[in-house]
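Heads up, the thing below is written out as structure tokens.
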Amino acid sequence: MSGRIRQMIEACPLTQAEIARVLSVSTAIVSQWSSGVRTPSLVNLQRLVGACGWTMERFWSDDDVLENAS
């Protein structure tokens with residue numbers, strides 16, 4: 001799951017600082033999610049997915065991973 005979170009954060013139109021501000025968490029927390037050091041709670045994951053313009057369905061789908069591999 002950490003790889004998927006990193007992929008989403010890297011593709012997100014917001015910076016990590018902007019994500020942190022929207023989610024009311026520190027930039028260190030967003031960085032830790034991105035690097036796999038920590039895993040967001042389900043509530044924060046849902047908020048992160050929404051902030052990045054994704055859906056939970058897209059987050060759990062392998063479609064983007066497969067498209068980027070080809």
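The values are calculated or read from the model by the stated rules, or taken from the named source; none is laboratory data. Predicted model, so just to flag it, every value in this text is computed and none were measured. Neighbour counts run over all protein chains shown; Cβ positions are idealised from the backbone, glycine included. Surface accessibility is based on the protein's heavy atoms, side chains included, excluding ligands, DNA and RNA. Shrake-Rupley method; radii C 1.70, N 1.55, O 1.52, S 1.80 Å.
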message: Please go through the range 1-42 and give me each residue that is of a type in the set (Gly, Ala, Ser), over 21 Å from ARG58 (Cβ atoms) and open to solvent by 30 Å² or more (accessible area, probe 1.4 Å), ordered by number.
response: ALA17, SER24, SER26, ALA28, SER31, SER35
- request: Would you point out the residue of the range 54-70, among those that are open to solvent by less than 60 Å² (accessible area, probe 1.4 Å) and of a type outside the set (A, V, I, L, M, F, W, C), that is modelled with the highest pLDDT?
  value: SER61
message: Being part of a helix (DSSP H, G or I) and either among the small types (Gly, Ala, Ser) or over 12 Å from the mean Cα position of the chain (by Cα) (or both) is the filter here; which residues of the range 16-41 pass it?
response: ALA17, GLU18, ALA20, ARG21, VAL22, THR27, ALA28, SER31, SER34, SER35
